[in-house]
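Worksheet for the structure shown next.
The values are calculated or read from the model by the stated rules, or taken from the named source; none is laboratory data. The model shown is predicted, which means the values in this text are computed figures rather than measured ones. Because the Cβ atoms are built from the backbone with ideal geometry, glycine has one as well, and the counts that use them run over all protein chains shown. Surface accessibility is based on the protein's heavy atoms, side chains included, excluding ligands, DNA and RNA. Shrake-Rupley method; radii C 1.70, N 1.55, O 1.52, S 1.80 Å.
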Amino acid sequence: MAISIAGGVRPGKVIEIERRLYKQLIVGKHKAHAMPDEMSAELEESANKLDIERQALKLRIDKQVKEKNVYLEVSALLTRTVNNAIEHQLAHPQMILEVSAISESQILLLDLLLDPDLNLNRLRPIIESISWLSRDLVNLINSPASGHRRPKNADVQVTDIKLVLNYIGIENLRLLIPYFCLRNWLPSGNANLLWITRKLWRYSMVSAIAAQTLAELHNKESSLVYSCALMYQFATSIILSQSGRIFDNTWGTWLREASYSREKQVYDAIMATDFPVESVLEQVMQHGHRLNWQLLSLLKFDESSITQVLKELDHDYHFTELSVDAAIVAKASCYAKVLLLEEQQQIDPQEKRIMFDYYQFSAQELIRLKGQNFRKLDLL
């Protein structure tokens, strides 16, 4: 018997499946493969060593009753200290802006890219003011993958940002800048968050490609929905980055103090304490979607189309009440959730049908999405 729950406030089953995806991203133990453009061999080695060291310590601690009691007490206190600091920061969005890498110029770029009459002269000074973005664009245009766009002499390196932007062109920048922005906001250089970051990056890219595909299928301009699909994980990325930074700072300080005091049992207990993924998951579920647009509002982008779509997606509207753009982003996010849960065999056919029914996928949309390559975004 067919199940149809199209439209209406999200049923509990849909909410449960969507939470399952976030649990898989943040708490799940599987180690995701690197994305094609990710350079993190040393970090991966560090993450694996840290995992192995913690597991070995926990096995040894489990054998000693006294050490286990010390571990349980110290680990609980460290985790509670970290969680309190994270909660305090999330209760004050302005504080998040002050300690994060988000800037008004980054959001201004995303907003300007939605202008159909945009020219490079307006973009260039803003891009030049963001050092990491200029570097990423220069590196991209000089990489072997985009060599066909450079002068014929392969040894020539293009370093002038004006030439780089001319080679890339406006339409490619509409893809590249949101892509590089989200990648910059994701946690980086943190061994505790390597696997989470990779999974979240993959989810974001699948959502963005799905949004772009759906927009093109319906002959709709794709820039807004593509950017919003990436920005849908904007606050989650910030929460993870800040949580990782707070944990590393607290963990490091406690380790140094235990080492100085020569308290080996305490030192080992701190060393064996994991990043508090369960409590961070709760913070993402509680604050993520609301912070998406709150942070943009604090940067004075209330009227931005991106802010408006993200605000819609935070409110519990009936699916049928969403604007066309918000509906495409919601559909794209749904498809990404189903795809990633299928890869881990964590969703059954009936649950998949419930998701697709609620978000009102047509047969044509599902056929087009099924034929899409979600492993890599064709940037240039």
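Could you go through region 262-275 and let me know if any residue there is within 23 Å of Arg202 (Cβ to Cβ) and either in contact with a helix residue (DSSP H, G or I) (Cβ under 6 Å, 6 or more places away or on another chain) or of a type outside the set (D, E, K, R) (or both). So far as region 262-275 goes, yes, one or more of its residues are within 23 Å of Arg202 (Cβ to Cβ) and either in contact with a helix residue (DSSP H, G or I) (Cβ under 6 Å, 6 or more places away or on another chain) or of a type outside the set (D, E, K, R) (or both). Of everything in region 104-119 that is assigned to a loop (DSSP other than H, G, I, E, B) and touching a helix residue (DSSP H, G or I) at 6+ places or on another chain (Cβ under 9 Å), the residue that is most open to solvent (accessible area, probe 1.4 Å) is Pro116. Cβ-Cβ contacts under 8 Å between residues 6 or more apart (or on different chains), taken from a first residue in region 299-317 that is more than 18 Å from Glu104 (Cα to Cα) to a second residue that is of a type in the set (S, T, N, Q) and in a loop (DSSP other than H, G, I, E, B), are listed as Val309/Ser323; Glu312/Ser323. Screening the candidates Tyr203, Tyr232 for the property of being touching a helix residue (DSSP H, G or I) at 6+ places or on another chain (Cβ under 8 Å), open to solvent by less than 10 Å² (accessible area, probe 1.4 Å), under 30 Å from Ala91 (Cβ atoms) and not aliphatic (A, V, I, L, M) yields one hit, Tyr203.
In the set Lys68, Lys49, Lys29, only one residue is more than 30 Å from Asn184 (Cα to Cα), at pLDDT 70 or above and in contact with a helix residue (DSSP H, G or I) (Cβ under 9 Å, 6 or more places away or on another chain); that residue is Lys68.
Conditions (1) open to solvent by 20 Å² or more (accessible area, probe 1.4 Å); (2) more than 21 Å from Ala211 (Cβ to Cβ); (3) of a type in the set (Asp, Glu); (4) not in a helix (DSSP H, G or I), marked per residue:
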position	(1), (2), (3), (4)
Tyr260	yes, yes, no, no
Ser279	yes, yes, no, no
Trp293	yes, no, no, no
Thr320	yes, no, no, no
Lys337	no, no, no, no
Arg353	yes, yes, no, no
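Close contacts from region 245-271, counting a first residue that is closer than 22 Å to Trp185 by Cβ and among the basic types (Lys, Arg) and a second that is outside any helix (DSSP H, G or I) and open to solvent by less than 60 Å² (accessible area, probe 1.4 Å), with Cβ to Cβ under 9 Å and a gap of 6+ residues or different chains, come to Arg245/Pro187; Arg245/Asn190. What do you reckon, is Glu42 open to solvent by 80 Å² or more (accessible area, probe 1.4 Å) and either among the hydroxyl-bearing types (Ser, Thr, Tyr) or at pLDDT 75 or above (or both)? Considered against the rule, which asks whether it is open to solvent by 80 Å² or more (accessible area, probe 1.4 Å) and either among the hydroxyl-bearing types (Ser, Thr, Tyr) or at pLDDT 75 or above (or both), Glu42 comes out as no. Across region 120-138, the qualifying residues are those that are among the hydroxyl-bearing types (Ser, Thr, Tyr) and assigned to a helix (DSSP H, G or I), and the one among them that is nearest to Ser222 (Cα to Cα) is Ser134. Just one of the listed residues (Glu216, Glu221) is farther than 23 Å from Ala101 by Cβ, open to solvent by 20 Å² or more (accessible area, probe 1.4 Å) and assigned to a loop (DSSP other than H, G, I, E, B), and it is Glu221.
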